[in-house]
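Note sheet for the following structure.
The values are calculated or read from the model by the stated rules, or taken from the named source; none is laboratory data. Here the structure is a predicted model, which is why all the values come from computation and not from measurement. Here the Cβ is made from the backbone with ideal geometry for all residues, glycine too, and neighbour counts use every protein chain on show. The protein model used for the area step is the full one, side chains on, heavy atoms only, and it has no ligands, DNA or RNA in it. Shrake-Rupley method; radii C 1.70, N 1.55, O 1.52, S 1.80 Å.
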Amino acid sequence: MKPSHLFKKVLSGLALALALAASTAALAQNPAQTSGATPTQAQSQPPAPTQPAAPAQTRVGVGGDLVAKGEYLARAGDCVACHTTPEGKLFSGGRAMPTPFGTLYTSNITPDPETGIGKWTADDFYKTMHEGRFPDGGLLYPAMPFTSYTKVTREDSDAIFAYLRTIPPVRQADRPHDLQFPYNNRSLILGWRTLFFSEGTFRPDPKQSDEWNRGAYLVEGLGHCGMCHTAINALGGSSESKAFQGGLIPMQNWYAPSLTSNKEAGLGDWSIKDIADLLKSGVSHRGVVYGPMAEVVYNSLQYLSDEDTRAMAVYLKSLAQGTPPEPAASPLPTTESSLLLSLGKTVYDRQCASCHGAEGKGMPPHYPPLAGNQSIQMGSAVNPIRMVLNGGYPPGTSGNPHPYGMPPFAQSLSDNEIAAVVTYIRTSWGNRGAPVSAADANALRSAPLD
Amino acid sequence: MIIRFKRVLVWLALSAAPLAGAQAQQPEAAPDTMEARVQACTPCHGANGQGTSDPYFPRLAGKPSGYLNNQLLAFRNGRRHYPPMNYLLEFLPPDYLKNMADYFAAQHPPLPAPAVVDASPEVMERGRTLVTQGDYAHEIPACSSCHGPSLTGMEPGIPGLLGLRASYISAQLGAWRYGTRTAIAPDCMQIVAGHLTEDDVRAIAAYLSAQPAPKESSPAAQGSYALPFACGSEPTR
């Protein structure tokens, strides 16, 4: 980053939230789940679901129950995605989180007394989750999603802490962060916090059902969905007023769609079953997950109980209710566009139709439909372009253990052909997306893959 | 990586062919086969894992399943680097990777014709010596001592060395020397590659890529012969 940019950012407040969103996605990599060396705790089957009612009524178990509940909640919070490296020991940290300001390294949260959190009390732990502060009062970088975790109840925080105490301790000192000046100065976080952090436990909405409240609690709290699905505002914070409105994830070049607008991934016209299938298995009759969202399903959502998944679906569907109908997209009158479209159709018929169907109907759930699929028609064409460049597999989950894959086309299609075929799928079969240019396609060739 | 990608452009025409026309009889549901599930792999590795005309994309067919599985885990966990593959495998569970490995291990398309190599007889002779006898003075064991007398590998973890292109072989040996490819510890190949010079690598790659396919190309059974030293990828019974 050029120094001038740097200073602008500083003047406008600590732009760390950028870092925050960037890095969750950067961590969209599976942590150690496989290697023989890895402790097996995190791999075990999801424990029996806890009571899916609103959090205030959540039952606190004792002993083993409490630990099992904590393990389940740690899954819901996806702690493993950030606090474990691919072949490292469970929760021993050290995972690099690249941000526009340098690299953060996650902490060792095993109960090792010297290098982990073995000397912490449940109060200390709650302070971190709820206030974003270390036991000594120091400020955490918001790359640790305490802005969401603040909504977690004290009971649930205690359960997670009880579970973390049962993890095999690992002696591994935290790697110091490698941040550029002035971001390495933690006192700057204070300014950021006044702008973007409002501390407070989730408060159920009495006008809504228990199920809705449970869903809201998970989505806004442990699920920290807003860390990606929220527009990044000028100051680099995920803005409260723009909650769940979508945004481009920096460093990663994936677009996390709005969950509130039917024009993007807004789920207003999806059935509860399709939303729940998508969250739990990664595929559905309406669409599939990929990129950073595949990580979320793989490491976290697939382990949630059917009741909790359903509750999230109910809440997510309600978020998108009442959005005005999408405006008609501009037709493509010019000769240039029609040339693009005819090339696009040629490429599509040769390369894509065998899986997605000549009419874009796909073969759901494994080959997603492209006709009527909002996620390819959004204002941002980043995701469909990247899918064509890089291909992909939905995550392998217990609901879909043997996913089907899409081949990458980066090597076989030119920028023009990619622009043409993406324009074609965005504008055919009643789809209302805007055309994309060869330059758009070219720019994403260098997007990071890991 | 970028260089590799450029080279790959030639492969465009080839990959387009198999998919064309398939749309005519499109089924309702995705076929419940491994063949359909690994279509994301075949543009680079060939429909039966036989490789493609691109010299850098390795053959997978017929290699020991345990070996292929180790590679898939290594890519998935970032121990072996090739971003397009690291990305594809990132969220696939180990059981499924094992299915993929079994699938490609069970394919037996014929080995490609040996490459026509323009290396001098001296270079080819140096390659032959290293592969079949090693170089005691430089602590290089014969490659055949692990990869087998006919270089077809051994179950479950040692791959055959025939049917690979020279550029792929030298890139892999280079990757071990520079630490960008690592195998399960003790990583015997890292020790072997560490003793090779650039010239050795060139000679070996030229020699290996020019060898004709053996009559029997399946890997030897586990424990058929003893290794000169231990390899983490080849468990001893």
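Only protein heavy atoms count here; under a 1.4 Å probe, A:H229 has an accessible surface of about 20 Å².
For every other residue with a beta carbon closer than 12 angstrom to the beta carbon of B:F229, add +1 if it is Lys or Arg and -1 if Asp or Glu, then tell me the sum. So the surrounding residues net to -3.
When the accessible areas of A alone and B alone are added and the area of the pair subtracted, with a 1.4 Å probe, the result is around 3700 Å², both sides summed.
Using the 1.4 Å probe convention, the accessible area of region B:53-93 works out to 24 Å² per residue with neighbouring protein chains retained. The accessible area of B:I191, taken with all protein chains in place and a 1.4 Å probe, comes to roughly 80 Å².
Among the GluC sites (Glu not before Pro) in region A:76-167, those located in a DSSP loop and surrounded by at most 12 other Cβ atoms within 10 Å of their own Cβ are A:E114. Between amide H atoms placed 1.01 Å from N, distances below 5 Å from B:Q222 occur with B:E155, all of them 5 or more places distant or on a separate chain. Computed from phi, the 3J(HN,Hα) profile of region B:111-125 under the Karplus parametrisation 6.51, -1.76, 1.60 (θ = phi - 60°) reads 5, x, 4, x, 6, 8, 10, 9, 10, 5, x, 5, 4, 4, 5 Hz, with x in place of Gly and Pro.
Accessible area per residue (1.4 Å probe, heavy atoms of protein chains only) ranks A:K317, A:K89, B:K63 as A:K89, A:K317, B:K63, with the largest value leading. Taking a ≥ b ≥ c as the square roots of the eigenvalues of the Cα gyration tensor, region B:142-237 is oblate, since a/c reaches 1.5 or more and a/b is not larger than b/c.
Coupling constants for region B:98-103 follow from the phi torsions by the Karplus curve (6.51 cos²θ - 1.76 cosθ + 1.60, θ = phi - 60°), and in residue order they are 4, 4, 5, 4, 4, 4 Hz; glycine and proline get x. These residues, A:L66, A:L139, go from largest to smallest accessible area, 1.4 Å probe, as A:L66, A:L139. Shown in residue order for region A:127-140 are the 3J(HN,Hα) couplings computed by the Karplus curve 6.51 cos²θ - 1.76 cosθ + 1.60 at θ = phi - 60°: 4, 5, 5, 8, 10, x, 10, 6, x, 7, x, x, 9, 7 Hz (x for Gly and Pro).
Rounded, prolate or oblate: which fits region A:372-450 when a ≥ b ≥ c are the square roots of the eigenvalues of the alpha-carbon gyration tensor, with rounded for a/c under 1.5 and prolate only if a/b beats b/c? Here region A:372-450 falls in the oblate category.
If you count only protein heavy atoms with a 1.4 Å probe, what accessible area per residue comes out for region B:112-224, rounded to a whole Å²?
Accessible area per residue, region B:112-224: 49 Å².
Just the protein heavy atoms count here, and of the accessible area of region B:112-224 at 1.4 Å, carbon and sulfur take up 59 percent.
Share of region B:34-109's accessible area from carbon and sulfur, percent, 1.4 Å?
56
Among rounded, prolate and oblate, which fits region A:60-199 when a ≥ b ≥ c are the square roots of the eigenvalues of its C-alpha gyration tensor, a/c under 1.5 means rounded, and a/b larger than b/c means prolate? Verdict is oblate for region A:60-199. Here the simple spin-label model places points 7 Å from the Cα toward Cβ, and for B:A113 and A:R171 these points are separated by 6.3 nm. Considering only B:S150, B:S224, B:S170, the mean-square fluctuation computed in a Gaussian network model of chain B, springs between alpha carbons under 10 angstrom, is largest for B:S224. Taking only protein heavy atoms and a 1.4 Å probe, the accessible area of region A:136-239 is 53% carbon and sulfur.
Taking a sphere under 14 Å around the Cβ of B:S65 and counting the other residues whose Cβ falls inside, with K and R at +1 and D and E at -1, yields a net charge of -2.
Which of the chymotrypsin sites (Phe, Trp or Tyr not before Pro) found in region B:106-215 are loop residues per DSSP with 11 or fewer other Cβ atoms within 10 Å of their Cβ?
Working: sites: B:Y136, B:Y168, B:W176, B:Y178, B:Y207; in loops: B:Y178.
Listed in order of number, the matching sites are B:Y178.
Comparing each chain alone with all protein chains together (probe 1.4 Å, DNA, RNA and ligands left out), the residues of region B:92-140 losing at least 30 Å² of accessible area are B:L92, B:P93, B:Y96. Each Lys or Arg adds one and each Asp or Glu takes one away; over the other residues whose Cβ falls under 13 Å from the Cβ of A:Y290, this sums to -1. Using the Cβ-Cβ distance between B:E216 and A:L195 with R0 set to 51 Å, the FRET efficiency works out to roughly 0.10. Amide H contacts for A:G392 (H built 1.01 Å from N in the peptide plane; partners 5 or more residues away or on another chain; cut-off under 5 Å): A:M406.
Can you give the FRET efficiency to the nearest 0.05 for A:S342 and B:E198, using r as the Cβ-Cβ distance and R₀ = 45 Å?
Details: r = 51 Å, r/R0 = 1.12.
In this case the efficiency is close to 0.35.
Extension gain for A:D210 to A:I272 (0.36 nm times residue separation, less C-alpha to C-alpha distance): 20.7 nm. Over chain B, DSSP H runs of length four or greater, each weighted -39,500 (n - 2.57), average out per residue to a 222 nm ellipticity of -11500 deg cm²/dmol. Heavy-atom accessible area with a 1.4 Å probe sorts B:T152, B:T236, B:T33, largest first, into B:T236, B:T33, B:T152.
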